[in-house]
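The values are calculated or read from the model by the stated rules, or taken from the named source; none is laboratory data. Quantities reported herein were computed from a predicted structural model and do not represent experimental measurements. Here the Cβ positions follow ideal geometry from the backbone for every residue, glycine too, while neighbour counts run over all protein chains shown. Ligands, DNA and RNA are excluded from the accessible area calculation, which covers all protein heavy atoms including side chains. Shrake-Rupley method; radii C 1.70, N 1.55, O 1.52, S 1.80 Å.
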Amino acid sequence: MSAPHTASLPSAPPPAPPAGTAPGPVPEAAPGDVRTDDVEPAASERPAASDFRAALRSAGVIWLGIFVLGIGFGVLVTAHGLPWWLAPVISATVFAGSVEFVLIGLIAAGAPLAGIALTTFLMNSRHLFYGLSYPLHRIRSRWGRLYAIFSLCDEAFAILSSRDPRTLTGGRMIWTHVGMHAGWATGAVLGGLTGATLLSGVEGLDFILTALFIVLAVDAYLSRPDPLTAVLAGVSAVVAILLVPGSMLPVAMAVFLATLVARFAIASRRSRRA
Amino acid sequence: MPSPGYIVAVIAIAVGITFVLRLTPFLAAPKLRDSAAMTAVSRWMPLGIVVILAVYGLSTIDFSAPGHGVPALSGAAATVLVHVWRRNAVLSIVAGTAVCLVLANLVF
């Protein structure tokens, strides 16, 4: 269970808003996504069952991987002498894998709240970049959007934003999130209750998530080969590992974003000259 | 065990900060979305982020473990090869993880 970042899942009992329904009374929550004019091809009319199957096909393996990591998280909680139920409570509410692993150590040590706030902010600041290209406009209901934002973990971002948004339905996206959230929380229950006995002797299961990211990177590259972007991202990642081995993700993403801004500036200056 | 009040405060802080971080770009994006810079950046972003996540995953490999990282690196190579070959995400993940598991548990 080394993989700290695993992303977590959103809050506890996921209300599982079925795709195109649920205009709840929560207007202010509207994530401000403006692209409501998008055409939503009959997708929203499909039965929820097929949305679920589509999510299962594309994300089922990831749900399983997250479930296994959740077990690791639950084991860690009891190993720190904390009550087992803290595992599902934290995994369901914070739902941001990597920081949860760190939080457990901080709670056990009784760390000051300011330190906990700073740690959470630094480790999760990578999420500032996810909303820039996540296809939130494919989800119609406010509750659904709110839930998607709440549960926007690394895996959900990676799987959903790498696809052509037109092939996604809101229901499928929500199910993808719910499966991850549920897998993480139920894994935490199991790990918390069984302690170190189950599966924890199997080395290498957390590789599933690394494999997922590799697959997504290969896919994204093959579908639109862009060597410069890949190299900029790879170099940003390596630089971040060398600079701050403990929290490379937000640093890598910030460095990468800076290189993209520079790249855009250079490109537009060139085209202006031409 | 820490006091219930402390635990509730920790969870509230972690949930609040995480949610605000996730929400912020959606609130900012509409204003930015029409700009040429934003369009360009969001076109490059998904590939770059998954590359960073992949490098991150590889960086968590424990080279001091008995296999010295060989199981995970072999799994990574298998994942790439199977994926380029079949372009089936589930198959690639299962194949790569299987290679890693077999090497880590049965060989080393």
**OP:** Which order do the peptides A:212-224, A:173-185 take when ranked by the mean count of other beta-carbon atoms within 10 Å per residue, highest first?
**Re:** A:173-185, A:212-224
Original post:
What's the average, rounded to a whole number, of partner chain beta-carbon atoms within 10 Å of each residue's beta-carbon in A:223-233?
Top reply: 4
**OP:** Report, as an integer, the average count of C-beta atoms from other chains found within 10 Å of each Cβ along B:75-85.
**Re:** 4
**OP:** Please work out the Cα convex hull volume for region A:226-269 and give it in Å³ per residue.
**Re:** 52
Original post:
Top to bottom by accessible area (1.4 Å), largest first, where do A:Ser58, A:Ser151 land?
Top reply: A:Ser58, A:Ser151
**OP:** Quick one: compute the contact order of chain B, relative version, from alpha carbon pairs under 8 angstrom and 6+ residues apart, as a percent.
**Re:** 18
Subject >> region A:226-269: relative contact order in percent, alpha carbon pairs under 8 Å with at least 6 residues between >> reply: 34
Original post:
What are the principal axis extents of the Cα atoms in region A:48-224, in Å, biggest first?
Top reply: 48, 36, 31
Subject >> Interface residues in region B:94-108 - accessible area drops by 20 Å² or more relative to the isolated chain, probe 1.4 Å >> reply: B:Thr97, B:Cys100, B:Leu101, B:Ala104, B:Asn105
Original post:
Just how much of B:Ile17 is accessible, in Å², when a 1.4 Å probe is used and the result is rounded to the nearest 10?
Top reply: 40
Original post:
Helix-derived [θ] at 222 nm for chain B: sum -39500 (n - 2.57) over DSSP H runs of at least 4, divide by residue count, nearest 500?
Top reply: -27500 deg cm²/dmol
Original post:
Could you list, bin by bin from short to long, the percent of Cα-Cα pairs of region B:42-107 in 10 Å steps?
Top reply: 22, 45, 28, 6, 0
Subject >> Accessible area buried at the A-B interface, both sides summed, 1.4 Å probe (Å², nearest 100) >> reply: 6700
**OP:** Provide a whole-number value for the mean count of partner chain Cβ atoms within 10 Å of the Cβ atoms in peptide A:146-153.
**Re:** 3
Subject >> Estimated FRET transfer efficiency when R0 is 22 angstrom, pair A:Asp164-B:Val90 (beta carbons, to 0.05) >> reply: 0.70
**OP:** Please build a GNM for chain B, connecting alpha carbons under 10 Å apart, and tell me which residue among B:Val51, B:Val90, B:Val70 fluctuates the most.
**Re:** B:Val90
Original post:
Using 1/(1 + (r/R0)^6) with R0 = 25 angstrom and r between the beta carbons of A:Ala265 and A:Leu118, what's the FRET efficiency to the nearest 0.05?
Top reply: 0.20
**OP:** May I ask for the distance between the Cα centers of region A:223-244 and region B:82-105, given as a whole number of Å?
**Re:** 23
